Amino acid sequence: MIRIQHIWFVFALFILTATVSCEKGDEYYKDYQNNTKVYDGTILKYLESQRGTYDSLLLVLDRAPGLRSKLMGTEKFTFYAMTNRSFEIAVKALNATRKLTNKAPLYLEDVDQLELDSLMGRYIFEGEVTTETLYPYIDGLKAKSIYGYDMHMYYNVTNASGFVSGGQQEIEFSDVNNSIFKRYWQTTTTTAVNLKTTNGVIHFLSASHDFGFNKFTSKFSQ
């Protein structure tokens with residue numbers, strides 16, 4: 001009888017432990033990267049503080065002084081940041097195309113300033129748009145960038161370790177190409193979201209993103 005009671009005690013303890021572990025695991029994955037980080041400075045100051053990561057982005061902003069001033073001002077903005085790699089991809093694709101027609105290579109400091117400014121403007125939005133903002137929009141949010149160009153933001157939580165929607169938060173960020181049909185959209189994703197600054201919020205795009213959503217080549221290849 002004592003042996004049976006002992007077995008039942010061990011079994012009950014196992015069930016309790018497993019239940020607590022599962023609850024802890026569920027909560028862990030639910031909250032994965034859910035904490036909003038804060039930087040005590042402007043969007044521009046943050047980019048400048050990350051040496052060796054956003055040099056190309058800062059070069060473009062130097063050539064787009066109107067946008068640069070907004071990212072260092074007091075008004076609130078949402079900005080999708082790109083690393084040097086995104087610009088490297090865009091420039092490499094452009095010059096591969098130009099080479100086919102025996103044209104000289106062009107770089108960020110060479111291309112038309114107004115066109116470059118227009119492309120960069122598609123990554124900046126008035127006000128703060130966080131994942132919390134996007135969460136209620138089942139089909140995502142169509143938003144006009146700072147120059148009125150239509151873009152789209154869709155909040156998603158990736159799967160992790162067998163948990164559906166239990167992984168990292170991300171935003172699918174799309175150039176809709178003036179179309180309601182997703183097959184015509186160009187989409188990239190974030191690797192990190194919701195960095196709060198004194199003048200807005202920064203989301204960080206994947207290093208595989210092609211700056212301009214492939215339009216850098218089409219605009220400057222001629």
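Among the conditions (1) touching a residue at least 60 places away in the same chain (Cβ under 8 Å); (2) surrounded by fewer than 19 Cβ atoms within 10 Å (Cβ to Cβ); (3) at negative phi, the only one that residue 149 does not satisfy is (1). I need a count of the residues in the range 62-72 that are surrounded by 15 or more Cβ atoms within 10 Å (Cβ to Cβ) and either of a type in the set (D, E, K, R) or more than 18 Å from the chain's Cα centre (by Cα) (or both). Of the residues in the range 62-72, 6 are surrounded by 15 or more Cβ atoms within 10 Å (Cβ to Cβ) and either of a type in the set (D, E, K, R) or more than 18 Å from the chain's Cα centre (by Cα) (or both). Does residue 114 count as hydrophobic (A, V, I, L, M, F, W, C), over 14 Å from residue 217 (Cα atoms), out of contact with any Lys or Arg (no Cβ under 9 Å at 6 or more places or on another chain) and surrounded by fewer than 17 Cβ atoms within 10 Å (Cβ to Cβ)? Spelling it out, residue 114 is indeed hydrophobic (A, V, I, L, M, F, W, C), over 14 Å from residue 217 (Cα atoms), out of contact with any Lys or Arg (no Cβ under 9 Å at 6 or more places or on another chain) and surrounded by fewer than 17 Cβ atoms within 10 Å (Cβ to Cβ). Name the single residue that is nearest to residue 78 (Cα to Cα) among those in the range 163-222 being part of a loop (DSSP other than H, G, I, E, B) and touching an Asp or Glu at 6+ places or on another chain (Cβ under 8 Å). In this case the residue turns out to be 199. Entry remark, the range 73-94: residues being surrounded by fewer than 16 Cβ atoms within 10 Å (Cβ to Cβ) and either touching a Pro at 6+ places or on another chain (Cβ under 9 Å) or closer than 17 Å to residue 106 by Cβ (or both) number 2 in total.
Only residues in the range 117-128 that are of a type in the set (Asp, Glu) count as the first member; pair them with residues that are buried (at least 17 other Cβ atoms within 10 Å of the Cβ) and part of a helix (DSSP H, G or I), Cβ under 6 angstrom, at least 6 apart or cross-chain, and list the lot. Cβ pairs passing all conditions: none.
Every read-out reported here was derived from the displayed coordinates using simple, explicitly stated rules and does not represent laboratory data. Just so it is clear, the model here is predicted, and its values are computed rather than measured. A quick note on method: Cβ atoms are made from the backbone with ideal geometry, for glycine too, and the neighbour counts reach across all protein chains shown.
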